[in-house]
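Participant: Handing you a structure now.
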Amino acid sequence: TAPAVFNAANEECVDAFLNGALPFNGIMETVTRVVEEHGTPGTGTSLTVADVLEAETWARARARELTAQTAPTAPMAQTTTAEARA
């Protein structure tokens, strides 16, 4: 389930970043924390699609929760590439 957890957390964090709710370096920090908190299933454990979907749902919720805790107090300015070069 780790790939599903990683992907779900990453999608939530990128969305938060694009909406100015998470700094860029917060993406990897948050994704790493979600994956670490999830852990790994024991060896020899058979997984079902339901297990993967449950892990994905949990990861999305946990990433949103962590993002809300680390959200900047002021909206982040969105700078385009052209503006950055000027």
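Participant: Looking at VAL34, VAL14, VAL52, which one is β-branched (Val, Ile, Thr), part of a helix (DSSP H, G or I), surrounded by 11 or more Cβ atoms within 10 Å (Cβ to Cβ) and modelled with pLDDT under 95? I'd like the intermediate steps shown before the answer.
Facilitator: Numbers: VAL34 fails: modelled with pLDDT under 95; VAL14 fails: modelled with pLDDT under 95.
Unique residue meeting the criteria: VAL52.
Participant: Test each condition in (1) at pLDDT below 95; (2) of a type outside the set (Gly, Ala, Ser); (3) under 11 Å from the mean Cα position of the chain (by Cα) for ILE27 and report the one that comes out false.
Facilitator: Exception for ILE27: condition (1).
Participant: Can you pull out every residue in segment 1-30 that is hydrophobic (A, V, I, L, M, F, W, C) and closer than 17 Å to VAL52 by Cα? Spell out the reasoning first.
Facilitator: Step one: filter segment 1-30 for residues hydrophobic (A, V, I, L, M, F, W, C), giving 2, 4-6, 8-9, 13-14, 16-18, 21-22, 24, 27-28.
Across segment 1-30, the qualifying residues are ALA2, ALA4, VAL5, PHE6, ALA8, ALA9.
The values are calculated or read from the model by the stated rules, or taken from the named source; none is laboratory data. Source: prediction; values computed, not measured. Cβ atoms come from the backbone with ideal geometry, glycine included; neighbour counts cover every protein chain shown.
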